[in-house]
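Have a look at the structure below, then the notes.
Derivation of every value follows stated rules applied to the coordinates shown; laboratory data play no part. Worth saying up front: this structure is predicted, and the values here are computed from it rather than measured. Reconstructed Cβ throughout: ideal geometry from the backbone, glycine too, with neighbour counts over all protein chains shown.
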2 protein chains.
Amino acid sequence: MKPNLPDHANAPSDAQRVQALSRLIADAQPVPLIAFLHALPPDDTPYTLSHLDDPLRTALFSLLAEHDADLGADLLEHFDDVYAAELVSDLDVAAAAAIVDEMDSDEQADVIGELVDTDAQAAEAILDAMSPEEASDTRRRLRYDEDTAGGLMITEYLHYPADQTVEQVAEDLREHGEAYAEYEVRYIYATDERRGLAGTVPMRRLVMAPRGTPVARLMAEYPFTVTVHTPTDELEDLFDRIDLSAVPVVDEAQVLCGVVQRAAVQEARGEAAEEDLAKARGIVGGEELRSMPVVSRALRRLMFLVPIMLLMMVSAAVIGLFRDTVQRVPLIAAFLPLVAGLCGSGGNQAVAVSMREISLGLVKPADLGRVALLEALPALINGVALGILIFAGVFLWERDAALALVIGTAVPTTILLAAVIGGGVPLMLRRAGLDPAMASGPVVTTLVDLVAYFTVLVLATLLLT
Amino acid sequence: MKPNLPDHANAPSDAQRVQALSRLIADAQPVPLIAFLHALPPDDTPYTLSHLDDPLRTALFSLLAEHDADLGADLLEHFDDVYAAELVSDLDVAAAAAIVDEMDSDEQADVIGELVDTDAQAAEAILDAMSPEEASDTRRRLRYDEDTAGGLMITEYLHYPADQTVEQVAEDLREHGEAYAEYEVRYIYATDERRGLAGTVPMRRLVMAPRGTPVARLMAEYPFTVTVHTPTDELEDLFDRIDLSAVPVVDEAQVLCGVVQRAAVQEARGEAAEEDLAKARGIVGGEELRSMPVVSRALRRLMFLVPIMLLMMVSAAVIGLFRDTVQRVPLIAAFLPLVAGLCGSGGNQAVAVSMREISLGLVKPADLGRVALLEALPALINGVALGILIFAGVFLWERDAALALVIGTAVPTTILLAAVIGGGVPLMLRRAGLDPAMASGPVVTTLVDLVAYFTVLVLATLLLT
């Protein structure tokens, strides 16, 4: 590996990189290929690998499985889990197992977990071909929910019987030093005779202590622990509150079974936010990449679009009821989507703030009244401001004071209701046990559409016909 | 601190907690107050504190500033930066400085940085009242962008001249052990005479080595380093690729000035995703909490709604051009928002996938053609499926084959264009140097509205009038 981040001046273009790598793979010469991959800047690696033709990418990982499985594992960990699972499933079983064997224990479970979802048989075959310890660790881990300490913990950590001395620990470190390089080594964990956690010892104290000291003498009296079932949310709050970088994980029998690190919890939080972002834009499951098969992409998108269409047909029916009004004032057709869309945007701003406050733990479903009030106040200000602007706009455009009055009144009315609806719907979905990330948008949009159409058309019927 | 996460059975209700805490603050007895706060489960802390009346919350932090500033700092770090800055700005300067003094160096800069944005004078006053070292560290740090290694690094780390021995390091650890408890201590950093970085030594090697060994003998030959200006994106890619949990940060003169930790980079990534989520829903700047002043919340929301309104008036004008068609086929008014909304949702799904692939480094602006093709394929499938469904729906509703044909043709046409537009717009905004998180939605919605209105109305004019 190069000592520093490489200089980007005079770097080859993206296309040149892809071409050079393609040629090296086609040549099937592992030495220059591996050297090239090591020299590739980290931030160009996913782009370059994703732009290889599919058969070349498979050939690359097959070569790496044979000659440098560790590098193959590093490259794979670099990808999104879904994408990594796709890559693995294209390899033959032995090559896949060789690479997955070298991954970190938490990443192994993530990738195999994705594979179980799409092709359980392939996942089983790879597990059977992996080294028995790695496979049994992965199988155990797959039993835990991804969003719990059991799913996030690593099983590479240092543990010693509490009655060993610092010298005995140092001896072990000398013996297995290289193997431990990728371990969580801020703490060592002292265990009792049945592998229950006796205490944690910061590595620092081992440096300080005389070499003959027993580990038991150095450990924190009441170590913080979580169980395999502690959810990610609670871990986040815990790490927000305490200054530890890692916490030991125990099972129901208080047996030590892993360590969950602050970085893993932060990473899970980031992934959850990225998934919510995709869900908010209508991606079912929160995960789609363009490398996935076209038909499955289409079907997953359709799962969101069909309910949307049905909801929209319901609100369109409201407009159908007022077709006489539309016939007499056809220009109203131009303002229906405008009022609904504008106020829908206002409603979605309120959704954003509720979602954020839910994730920060600042609001709960019981706070509905308070949220409604705190949404109504800014919505009143904005409703009046937008109402005046749109009254002026419509009047200047059509020179029709009555039409301008209808639209200028409908906007503040609708936006006020939209803000209250937008603030409240995520809380109500949450109370109903549904995921507000995906459903809030369509539900709020539909309700706001109904309010907007009804308000505009009733006012138009009263004042314009 | 309690040894384990507390049991949630028989826990007091949220309201009872808020009430109990309010009473303790009103009594102004620091000892029971501090005991209560320590016993509060981490995941209930933000909720309880945010539901205190404003004057009580200010009184709480004033009390903590005097009696347990460290706890005050811990509680403050528990909050979102914006919220923490609000809390700090409500305290008197001495209390604010006492609490900020106890925060981690990266959090200090985040909170003071927020305060600089809203009330630069208050920020300056607090810096003046802080301990001189902490203040000068924070001031130095404020010069770096939040999204760089300089903004993310901590300055609490262990560094020793490379010629010191393990015993001398152990001596220092014994002397300052407690102060170092919150330091990044996975590595120690060996420096040369001008405080340039000479190498990094994993703590583990200090445990293994004979006590007389000089540090220089233990250090990694080519330590990975980043500069204060390395952006978060690159740090993410770096930590994806390497197995280190922290990397030293140097300035232009190669002088060691901090350590950036994997957890901090993951946290920044999570915050960026959460901000993008809020931006996607129309929150300018990506940050709003309902505790902020009503007028500023209203104005920030208005900054998004006014451009939306102007864009929507442009597309509404298209409908205005076809008012004769609407008069003759008033039911078309019901389908304009339906087709536009449905296809807009399809366009936003494509936006989601482009945003995700941009953030994973899988696409760049040059890939526009490839993205368009990969969006067109699933859109064709979905367009046909939705077109058939909506043709059937309209025909059953209105028994009007011509109307059903117009809508059933407009949907696949529009959704195909919507997917290509949605996939492409984030790439084009990116190329133009704009933030696609916020602008993609409105731009795509407006373009899809125009396509939808135009397609439906032209077809209606041709086939129905």
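Between Rg and the Kirkwood Rh of segment A:82-212, both from Cα atoms, what is the Rg to Rh ratio?
1.07
Can you tell me the alpha carbon radius of gyration of segment A:272-399 divided by the globular rule-of-thumb value 2.2 N^0.38 Å?
1.40
How well do other chains shield peptide A:293-305, expressed as the mean number of their Cβ atoms within 10 Å of each residue Cβ?
Across the residues of A:293-305, the mean count of other-chain Cβ atoms within 10 Å is 5.
When Lys and Arg each count +1 and Asp and Glu each count -1, what net charge do the other residues less than 15 Å away from B:Glu175, Cβ to Cβ, add up to?
-1
Does anyone have the angle between helix A:232-241 and the longest principal axis of chain A? Alpha-carbon axes, 0 to 90°, nearest 10?
80 degrees
Note down the Stokes-Einstein diffusion coefficient of segment B:311-464 in µm²/s, whole number, using a Kirkwood radius over alpha carbon pairs, 37 °C, and 0.692 mPa s.
206 µm²/s
With N denoting the number of residues in segment B:369-450, provide Rg(C-alpha) divided by 2.2 N^0.38 Å, to two decimal places.
Expressed relative to 2.2 N^0.38 Å, the Cα Rg reads 1.31.
Taking a label point 7 Å out from Cα toward Cβ, give me the nm distances from A:Ala432 to the same spot in the other copies, shortest first, one decimal.
3.8
Highest first, please rank the peptides A:416-426, A:396-406, A:29-39, B:304-314 by the mean number of other Cβ atoms sitting within 10 Å of their residues.
A:416-426, B:304-314, A:396-406, A:29-39
If you wrap a convex hull around the alpha carbons of segment B:387-431, what volume per residue comes out, as a whole number of Å³?
Hull volume over Cα atoms, normalised by residue count, gives 59 Å³.
Quick one: the Cα spread of chain A along its three principal axes, in angstroms, biggest first?
Reported extents, whole Å, longest axis first: 93, 59, 46.
Which aspartates and glutamates, on any chain, are close to A:Lys364 with Cα under 13 Å apart, when same-chain ones fewer than 8 places away are left out?
List returned: B:Asp14, B:Asp43, B:Asp44.
Report the dimensions of the protein assembly as shown along its three principal axes from the alpha-carbon atoms, largest first, rounded to Å.
Reported extents, whole Å, longest axis first: 96, 76, 54.
Provide the packing ranking of A:169-175, B:81-87, B:328-334, B:251-257, i.e. peptides ordered by the mean count of other C-beta atoms within 10 Å per residue, highest first.
Packing proxy ranking, top to bottom: B:328-334, B:81-87, A:169-175, B:251-257.
How big is segment A:152-271 by the Kirkwood estimate over distinct Cα pairs, in Å?
Evaluated on segment A:152-271, it is 14.8 Å.
Using the crude model of +1 on Lys and Arg Cβ and -1 on Asp and Glu Cβ, and no other charge, please compute the dipole size for chain B relative to its Cα centre, in debye to 20.
2760 debye
Normalised by the empirical 2.2 N^0.38 Å for globular proteins, what value does the Cα Rg of segment A:214-335 take?
1.91
How much of the pair distance distribution for segment B:19-78 lies past 17 Å, counting alpha-carbon pairs only, in percent?
27 percent
Express the relative contact order of chain B as a whole percentage, based on alpha carbon pairs under 8 Å and six or more residues apart in sequence.
10 percent
Relative to the other copies, what are the label-point distances for B:Leu380, with labels 7 Å from Cα along the C-beta vector, expressed in nm at one decimal and sorted shortest first?
When each copy's label point is compared with this one, the spacings are 5.6 nm.
What does the structure give for B:196-205 when I average, per residue, the other chain Cβ atoms found within 10 Å of the residue Cβ?
3
Counting each DSSP H run of 4 or more residues in chain B as -39500 (n - 2.57), what helix-only mean residue ellipticity at 222 nm follows after dividing by all residues, to the nearest 500 deg cm²/dmol?
Estimated from H runs of four or more residues: -21500 deg cm²/dmol.
Expressed as an acute angle from 0 to 90° and rounded to the nearest 10, what is the orientation of the C-alpha long axis of helix B:294-321 relative to the principal long axis of chain B?
It works out to around 20 degrees.
From other protein chains only, count the Cβ atoms within 10 Å of every residue's Cβ in B:73-82, then give the mean.
Partner-chain Cβ atoms within 10 Å, mean over residues of B:73-82: 2.
What is the sum of charges around A:Gln164, taking Lys and Arg as +1, Asp and Glu as -1, for the other residues whose C-beta is under 15 Å from the C-beta of A:Gln164?
-2
Just to confirm the number: angle between the C-alpha axis of helix A:436-464 and the first principal axis of chain A, 0 to 90 degrees, nearest 10?
That works out to roughly 10 degrees.
For B:Thr118, place a label point 7 Å from Cα along the Cα-to-Cβ direction in every copy; what are the distances to the other copies, in nm, shortest first?
Those separations, rounded to one decimal, come out as 4.5 nm.
Taking Rh as the Kirkwood radius, which is the inverse of the mean 1/r over Cα pairs, what is the Rg/Rh value for segment B:14-143?
Rounded to two decimals, Rg/Rh equals 0.97.
Need one number: % antiparallel among DSSP beta bridges in chain A, to the nearest 5.
Antiparallel bridges make up about 70 percent of those DSSP assigns within chain A.
Determine the dipole magnitude for the protein assembly as shown: charges of +1 sit on the beta-carbon of Lys and Arg, -1 on that of Asp and Glu, nothing else is charged, the reference point is the Cα centre, and the result goes in debye to the nearest 20.
Computed about the Cα centre, the dipole is about 4300 debye.
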